[in-house]
């Protein structure tokens, strides 16, 4: 992996940004203040936005091993999000593991799908890159 530290920080950010956005959408008693479907849509949009930023910021520094990097960082980000959810969200929301997976957890599978696709795209583009033409000598 190119940078474990950066990958871990982006993985945490992918979890933290939607969580921070969600906090004001709940009352102090824990009741959702907006429609549940609107909340879910907002969380998907927030997750996709921070995920896109994380991918761009992380992958712009990857110089080789694109496909491997896509698999590794995607699985790391998936595990980070699941771990934080299991430590914080599942107990806070009083969710069973099956309910958590059904309502939230399986959505995180989009993370490695995205990073693997980016890694494959970058590998394909790198394979098509032509070496720079050598300047012709003066006559």
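Where a number appears in this text, it was derived from the coordinates with a stated rule and is not lab data. All values reported here derive from a predicted model rather than from experimental measurement. A quick note on method: Cβ atoms are made from the backbone with ideal geometry, for glycine too, and the neighbour counts reach across all protein chains shown.
I want to confirm something. Restricting to segment 21-40 and keeping residues that are out of contact with any helix residue (DSSP H, G or I) (no Cβ under 7 Å at 6 or more places or on another chain) and surrounded by 12 or more Cβ atoms within 10 Å (Cβ to Cβ), which single residue is nearest to residue 94 (Cα to Cα)? Reasoning before the result, please.
Within segment 21-40, the first condition is being out of contact with any helix residue (DSSP H, G or I) (no Cβ under 7 Å at 6 or more places or on another chain), and the residues that meet it are 23-24, 26-31, 35-38, 40.
Add one more test, that the residue is surrounded by 12 or more Cβ atoms within 10 Å (Cβ to Cβ), and what stays is 26, 40.
Values: 26: 15, 40: 18 Å.
Checked segment 21-40; the qualifying residue nearest to residue 94 (Cα to Cα) is 26.
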Subject >> Given (1) farther than 12 Å from residue 112 by Cα; (2) in a helix (DSSP H, G or I); (3) in contact (Cβ under 8 Å) with a residue 24 or more places away in the chain, index of the condition residue 62 fails >> reply: (2)
**OP:** Hey, can you tell me all the residues within segment 1-41 that are touching a strand residue (DSSP E or B) at 6+ places or on another chain (Cβ under 9 Å) and without any contact (Cβ under 8 Å) to a residue 12 or more places away in the chain?
**Re:** 26, 32, 33
Subject >> Filter result for residue 72 (touching a residue at least 40 places away in the same chain (Cβ under 8 Å) and farther than 12 Å from residue 7 by Cα) >> reply: no
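Condition check: surrounded by 11 or more Cβ atoms within 10 Å (Cβ to Cβ), outside any loop (DSSP other than H, G, I, E, B) and under 11 Å from the mean Cα position of the chain (by Cα). Does residue 14 satisfy that? Spell out how you get there, then give the answer.
Values: surrounded by 11 or more Cβ atoms within 10 Å (Cβ to Cβ): yes; outside any loop (DSSP other than H, G, I, E, B): yes; under 11 Å from the mean Cα position of the chain (by Cα): yes.
So residue 14 passes the test.
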